[in-house]
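**Q** First, the structure itself, so that you have it in front of you.
Please treat every number below as a calculation from the coordinates, not as lab data. Quick caveat: nothing in here was measured; it's all calculated off a predicted structure. Cβ placement follows ideal geometry from the backbone for every residue including glycine, while neighbour counts extend to all protein chains displayed.
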Amino acid sequence: MRKTLKKLFAGTLLMSLVIVSGLASIILFPEPLFANKLEHGQVNVYANAPIEGSMTVVVDNALTLVKKSELYDPTYTFDLFFSYNSLFNKVDGALLGEFVSARATDNNVVVKVDIDSKRDLFFRTLNKACQGSLTYLLAHEMIHCLQENKYGKLKFNPLRHPAYWKLEGYPEYISRQSKLTSEAYRLNSEIDRYVELESKANDIWILIEEGACEAPRYYYKGRLMMEYLMDIKHLSYDQILNDTISEDDVYAEMIEWNDQAGRK
Ligand SMILES: [Zn+2]
């Protein structure tokens with residue numbers, strides 16, 4: 001009887017291990033689940049729908065932004081998966097939840113929502129239905145891959161990572177470089193805008209850009225703090241990560257700088 005129980009236990013344990021490792025390999029190595037693949041420089045694109053030529057334009061534009069980051073590595077390969085309406089999405093959603101449009105795991109960027117590469121758009125359904133730039137979304141997630149690549153899975157994983165303003169502020173800062181480096185852009189006006197929006201906001205959602213998708217406010221706040229630390233104080237991302245100054249102290253310092261700059 002004891003032996004039978006032991007065997008049964010061992011069998012169940014083995015089955016569970018097979019299921020868990022099977023699900024883990026689907027999440028980490030989803031390539032076989034996709035019908036189409038396009039190799040484009042240091043980026044591989046996977047999708048079930050045919051991959052249109054316009055996708056390479058979006059990928060190139062996202063890479064141009066990513067190359068502005070100190071974390072960029074020319075030897076690194078990104079795997080992009082467009083998984084809207086796929087079996088992968090169902091498994092991923094059941095395991096990791098359905099609360100994101102895209103996610104970065106290891107060197108995989110998974111875009112879970114519908115996209116239109118010709119119009120450079122992704123269509124989000126989370127919170128409120130809206131659309132945003134696919135280039136921005138890819139660049140943002142690719143920076144998450146590079147954070148993990150540079151600092152390791154132990155420092156950058158869903159359970160353990162730097163404070164949100166450092167984790168999300170930096171991908172926001174890099175992916176919005178076209179806007180932040182444009183002639184018309186002023187960090188001071190942007191800080192004023194944030195302060196006003198934050199004072200009126202009823203929840204964590206905030207409209208970072210007119211006509212785009214709302215995002216949790218720490219994305220916007222974190223990006224502004226990155227801009228202040230990197231563009232005004234000339235710190236590197238590495239220095240910011242290693243700095244122990246608190247979020248509240250950086251924010252207060254930035255607001256003080258903004259008030260002084262505004263009075264000049
Ligand atoms: Zn992110």
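**Q** Taking the Cα centre of the chain as the origin, how large is its charge dipole in debye, to the nearest 20, when only Lys and Arg (+1) and Asp and Glu (-1) carry charge on their Cβ atoms?
**A** 1260
**Q** In whole Hz and in residue order, list the ³J(HN,Hα) couplings for segment 155-170 that follow from phi through the Karplus curve 6.51 cos²θ - 1.76 cosθ + 1.60, θ = phi - 60°; x for Gly and Pro.
**A** 9, 10, 9, x, 9, 9, 7, x, 3, 3, 5, 7, 5, 9, x, 6
**Q** Can you give the relative contact order of segment 110-187 as a percent, counting alpha carbon pairs under 8 Å and 6+ residues apart?
**A** 19
**Q** What list of ³J(HN,Hα) couplings, whole Hz, do you get for segment 55-68 from phi and the Karplus terms 6.51, -1.76, 1.60, once you set θ to phi - 60° and write x for glycine and proline?
**A** 5, 5, 5, 4, 4, 4, 5, 5, 5, 4, 5, 4, 5, 6
**Q** Counting Lys +1, Arg +1, Asp -1, Glu -1, what net charge surrounds Ser101 among other residues with beta carbon under 9 Å of its beta carbon?
**A** +3
**Q** Can you give me the long-range amide H partners of Ile206? Hydrogens built in the peptide plane at 1.01 Å from N, cutoff under 5 Å, separation of 5 or more residues or another chain.
**A** HN-HN under 5 Å from Ile206: Ala215, Arg217.
**Q** Ok, one more. If I fit a long axis through the Cα atoms of helix 217-227 and take the longest principal axis of the Cα atoms of the chain, what angle between them do I get, 0 to 90°, rounded to 10?
**A** The angle comes out near 60 degrees.
**Q** To the nearest 10 degrees, how steeply does helix 187-200 sit against the main Cα axis of the chain, on a 0 to 90 scale?
**A** So the helix axis and the longest Cα principal axis differ by about 70 degrees.
**Q** What residues of segment 247-261 lie in the reach of a label at Tyr185, counting those whose backbone N is under 13 Å from a point 7 Å from the Cα along Cα→Cβ?
**A** Counting backbone N atoms under 13 Å from the label point, the list is empty.
**Q** Based on DSSP, what percent of beta bridges with both residues in segment 82-204 are antiparallel, to the nearest 5?
**A** The antiparallel proportion sits near 90 percent.
**Q** Output wanted: per-residue J couplings in Hz (rounded whole) for segment 142-150, from phi through Karplus 6.51 cos²θ - 1.76 cosθ + 1.60, θ = phi - 60°, x for Gly and Pro.
**A** Those phi angles translate into 5, 5, 4, 4, 6, 4, 5, 4, 7 Hz.
**Q** Which order results if Met55, Met142 are arranged by neighbouring Cβ count within 10 Å, fewest first?
**A** Ordered from fewest to most neighbouring Cβ atoms within 10 Å, Met55, Met142 come out as Met55, Met142.
**Q** Here's something else I'd like to know. Run down the lysines and flag those whose C-alpha is under 23 Å from the C-alpha of Lys200, throwing out any fewer than 8 positions away in its chain.
**A** Lys128, Lys221
**Q** If Lys and Arg each add +1 and Asp and Glu each add -1, what is the summed charge of the other residues whose beta carbon sits under 13 Å from the beta carbon of Ala49?
**A** Result for the neighbourhood of Ala49: -1.
**Q** From largest to smallest, what semi-axes in whole angstrom does the chain give when each is the square root of 5 times an eigenvalue of its alpha carbon gyration tensor?
**A** 37, 23, 18
**Q** Tell me which residues come under 5 Å, amide H to amide H, from Leu121 once H is placed; ignore anything under 5 positions away on its chain.
**A** Asp116, Leu134
**Q** Another question, if that's okay. Of the listed peptides 172-179, 132-139, 96-103, 149-156, what is their order by residue-averaged count of other C-beta atoms within 10 Å, with the highest listed first?
**A** 132-139, 172-179, 96-103, 149-156
**Q** Starting from the Cα of Leu126, step 7 Å along the direction of its Cβ; do the same at Met15; then give the gap between the two resulting points in nm.
**A** 3.5
**Q** Charges on Cβ only, +1 for Lys and Arg, -1 for Asp and Glu, centred on the Cα centroid of the chain; of Ser86, Asn108, Ala49, which one is farthest towards the dipole's positive end?
**A** The listed residue farthest towards the positive side: Ser86.
**Q** Order these peptides, 8-15, 192-199, 157-164, 113-120, by their mean beta-carbon neighbour count within 10 angstrom, highest first.
**A** Ranking the peptides 8-15, 192-199, 157-164, 113-120 by packing returns 113-120, 192-199, 157-164, 8-15.
**Q** Just the number, please: percent antiparallel of the DSSP beta bridges in the chain, rounded to the nearest 5.
**A** 70
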